[in-house]
Structure formats: structure tokens, C-alpha cells
Amino acid sequence: MKSAYTARQMHDADLYCEQKLNLPSLTLMSKAALALSKVCGKAITPSDRILFLCGKGNNAGDGFAAARLMTEMGYSVSVALLCGMKFSPDAAVMFRTVPEEIILETEEEILSAIDGTKLVVDCVYGTGFRGELPLEVKRIFDAVRGKRIIACDSPSGIGCDDGRVSDGALCASTTVTFAAYKPCFFLYPGKDFCGTVIPVDIGMPPQALAHQRPCIDLPDAEYIKSIMRHRPENSHKGTFGTLLTVCGSKDMTGAAVLSAQGALRCGVGLVTMALPRKVIPVIQARISEPVFTERKGTVKAHAVLAGCGMGKDLKSLQFAFNQGKSMVLDADALNLIAEKPELLSDFLQTYPNAEVVVTPHPAEFARLLRTSVSRVESDRLGAVQKFLTAYPVTVVLKGHHTIVASREKTFINLNGNTGLSKGGSGDVLSGMIASFLAQGYPAQDAAVCGVYLHGAAADLLKESLSEHGMIPSDLPEAVARLLKKFETIA
């Protein structure tokens, strides 16, 4: 499983290499420059002009060293200094190796050089960018728009850790990143500015990062297989748990069916659907496997799913909470909690052993945080962390590159496609996560498995039905077929 690390973590890893492993920072910088120059060399011919935009930190040092290498290889190179002549110690060393005649210092010289440039290499800020771009830097960045741009480690003007985009930020066609992935490669809106990300090995020993907890983990098939549980051969329906669903209402029966189908296809032993009395015959006609009951009293179950098509019915949500079991909360359950936050607080306090997974889309999450959708989307990771500060739950913030996070760990899911952008897909996902929760998976494992398999099923359907043509009711069977790759019987 790949991971991403913050700017601070990468800085600490560099220090660890130098102070604990006796690996000089200039050695790593030289290897980074060599990797960067190789990528640049594949993008142009020796007769093309290449312009390195350099700042004053170690990102500039990578650029100075790469510019020297490409000059020695016969390329037509210019180096533009955007932040003056005061450099970090390592950058200063590399700057002294750059031929004086290729250095551009004034804005007039730099703007003149841009006209005939084929490739621009962004070595201005990298992962160290904070705040807003200076006006003089923005003018240069404006002048190179439309050129092919390769960014060194991360594009200038992008927040490495949160994906925020400063006004005037450079949009790279390619980003060459060193030693590890950075969070901004997977967080919008910054992701759109990174282009194709090429990770390169610069010889940083694994132990330099091994002592740090990744900012983000990126689950893959092997990781999912490692956390999925064996299904004992000598088993019965009770072995795999019972899920109670408090989903559906008179006008929204489909959500209840889709969530139940998602749950059943992920292996739960029994689904009990608690429904309004008049709705039960309608649902019974559409799905055969569950047990049906009304929303009253206590129902035997290992976990509860509440909210999918439930309507903003406070009594139904209170019925779900009164079961005192681990829960998945979606849709109208979240909308009710947004209006009455004490509902979730009281449940967590009353039932401290119950685990809770919330599965909002951005609009639902904005309501929970009492903010705007644009604020959530501008810093998805920050929004999740803010919610986790208030509630010890697992958050599944849906969207492209869905975030799954608890107070202990954060995952970003990379699979899936636009075929999931249809009403009902989220109901299937909530049922899947709840299914794993009822089978005894820890909340975060249940959420990661559900999200990954949901996206992988969409990718499978893309091949047979297309992103346009797949519908949410196709997903449960696709999940079942997909699970053959992960299932083990013991």
C-alpha cells in the first residue's frame, strides 16, 4: 500500500538521513536533480529551449543542479531567479555550479526568454509553499501559461498538505516527486494542478520514513485482502452477523432495497429491515432475502444502518439509536443530526463501545459542519479533521477520491469512476460498509473495504456497461463477482 507524507514529514525525513544515517542532503538533492533532468529530457529535443524557474529554497537547489546537468548534455537552458539571490545553504551550493551566462535575474530578461521557450520547469516553491503568491511571481507565472510545465516535487502555489490553490498557481502537465507521494496529489482542487505524477526514487532509505505515521494511506487490492476476514467452513448465518436497516419510507423505497442488496452481497448473515407498516409489502415485492419488521422495540442485530431513504423522521432515527449497536449513518440520519447535533453526542456518550461510521456527500457534510459546500471542497481533509475533533467516529467523505478517516488514520480511495455519480450509489455503499460492520470488522476496516470494493465494482462495470450506462442496482452483483478475488475459506 502506498502512502503520502506531509511537507513537514519529508523535511524531518531529510534531517533523519543527514543526522542519523550520515547521508548528506546534497547527495539526495543531486539524485533528485538527475531524475528531474531525465524526465525533462524525454519531453523535449536538445534544440528546444528550456527555462528553469527557481526560487530560493531546496526546490530551487534541485532546479539549479538539473539545469547544470542539462546544459552539460547540450540542451539550451536558461535559469530564472524569481526570489532574489539569497538561497538556502544547499541551494547556494548548487547555484554556484550553474554557468553564469544562463542566469536571468530581471523580470525583463525572464519575460523575454519565455517567448521562445518550449518547456518550463517549476522549481520555485515545491512542497514549502504557504499563503499567497507574490505579485511579481504571479506575473511570471501568468506569462508561462500555455507552455508545457514540469513541476519539481509539487507545483508552486499549491498547498502540499491540503491541496489548496493560491491565486495564480502554476498548473503542471507533469509533476516529478521525490521519495514519496504528497497529499496534494489526491486532494482537490490541487490535484487538478499536478498533472501526471511521476514518483522517483532518490535513494532515501526506507527507515527515514518508517518511523513516521503517513498522513494518508492509499488502499490497494493487497491491503484489502489483508484485512478481509476468513469465512469459516463450519458456519451458519449467525456466524456472519445480523444487520438491522432503518431505511426507506413511503416515497423512497428504492434506497432501502439498494442498501439491503449492497449489504447482502458483502456477506452479512442476515438483514432485518425495519420499515413503516404500509411500506413493508412494497419492499417485500422487490427483495426476498431480508426479514421484515416494524420500527418499534428492540431488534436483535450486531449493527445498524440508518438514513438511506428514511426521510427526516426523528422517531425512526431514535429507534435506530435505541438499539445501542455500532452504526452506519447516512442521508436523512445525517440531516437530522445536522439540525440536532446532540443526537450523535448523546448516543456516543450513552453507548461508548458502539462504533459509528458517517457517510456524507459534500452537501451533507457542509450541513453537519454548518459551513458551505465550497468550503468543504476547498479543504476536504481539513473538514474531515474538524469533524473528528468533535466526534470520535469514522468519516467517509464521498466524492472523487473518497476520504475514509478516523482519529487514528486517514485513507484516500483512488478507484471508481463517474458511473457512480448517480442517485442510489451511496445507498449501496452504506449497505456494504454496514455489512462488514455487522460481521465484526472494526469501523475503519469496514469503511475502507466498502469504499474500495464499491469503486472497484464500478471499474468492473465500466468495462462491460460503460460509465454512462451502469446504474446503482448493477453494483451489488458486480461486488459479488469481485469478491471472488478476495475471499478465503478456512
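The values are calculated or read from the model by the stated rules, or taken from the named source; none is laboratory data. Computed from a predicted structure; not experimentally measured. All Cβ positions, glycine included, derive from the backbone under ideal geometry; neighbour counts span all protein chains shown.
Residue check: residue 421 meets all listed conditions (1) in contact (Cβ under 8 Å) with a residue 12 or more places away in the chain; (2) within 16 Å of residue 359 (Cα to Cα); (3) surrounded by fewer than 18 Cβ atoms within 10 Å (Cβ to Cβ) but one, namely (1).
Pairs are defined by a Cβ separation below 8 Å, a sequence spacing of at least 6 or placement on different chains, a first member in segment 138-157 that is within 16 Å of residue 110 (Cβ to Cβ), and a second member that is charged (D, E, K, R) and part of a helix (DSSP H, G or I); the pairs so defined are 139/107; 140/107.
For residue 33, the test of being modelled with pLDDT of 95 or more, in a helix (DSSP H, G or I), small (Gly, Ala, Ser) and closer than 21 Å to residue 140 by Cβ is failed.
Just to be sure before I move on: is residue 212 exposed (fewer than 15 other Cβ atoms within 10 Å of the Cβ), more than 30 Å from residue 484 (Cα to Cα) and out of contact with any strand residue (DSSP E or B) (no Cβ under 9 Å at 6 or more places or on another chain) in the structure I sent? For residue 212, the condition - exposed (fewer than 15 other Cβ atoms within 10 Å of the Cβ), more than 30 Å from residue 484 (Cα to Cα) and out of contact with any strand residue (DSSP E or B) (no Cβ under 9 Å at 6 or more places or on another chain) - is not met. Residues of segment 98-149 that are farther than 12 Å from residue 53 by Cβ, surrounded by 13 or more Cβ atoms within 10 Å (Cβ to Cβ) and β-branched (Val, Ile, Thr): 98, 102, 103, 127. Just to be sure, is residue 436 in contact (Cβ under 8 Å) with a residue 60 or more places away in the chain, in a strand (DSSP E or B) and crowded, with 24+ Cβ neighbours inside 10 Å? So residue 436 fails the test. Selection of segment 345-360 for residues being under 11 Å from residue 393 (Cα atoms) and acidic (Asp, Glu) yields only 355. Checked against the criterion of being closer than 22 Å to residue 15 by Cβ and buried (at least 22 other Cβ atoms within 10 Å of the Cβ), the candidates 152, 194 yield just one match: 152. Of the residues examined, residue 262 is not one that is under 26 Å from residue 486 (Cα atoms), modelled with pLDDT of 95 or more, assigned to a loop (DSSP other than H, G, I, E, B) and not aromatic (Phe, Trp, Tyr). Considering 388, 368, 314, the condition of being more than 29 Å from residue 257 (Cα to Cα), without any contact (Cβ under 8 Å) to a residue 40 or more places away in the chain and of a type in the set (A, V, I, L, M, F, W, C) is satisfied by 388 alone. For segment 295-319: of the residues being more than 33 Å from the chain's Cα centre (by Cα) and of a type outside the set (Phe, Trp, Tyr), which is nearest to residue 255 (Cα to Cα)? Ranking the candidates gives 295 first. Of the residues making up segment 214-230, not a single one is without any contact (Cβ under 8 Å) to a residue 40 or more places away in the chain and not polar (S, T, N, Q).
Scanning segment 52-76 for residues that are outside any loop (DSSP other than H, G, I, E, B) and either without any contact (Cβ under 8 Å) to a residue 12 or more places away in the chain or in contact with a Lys or Arg (Cβ under 8 Å, 6 or more places away or on another chain) (or both) yields a count of 2.
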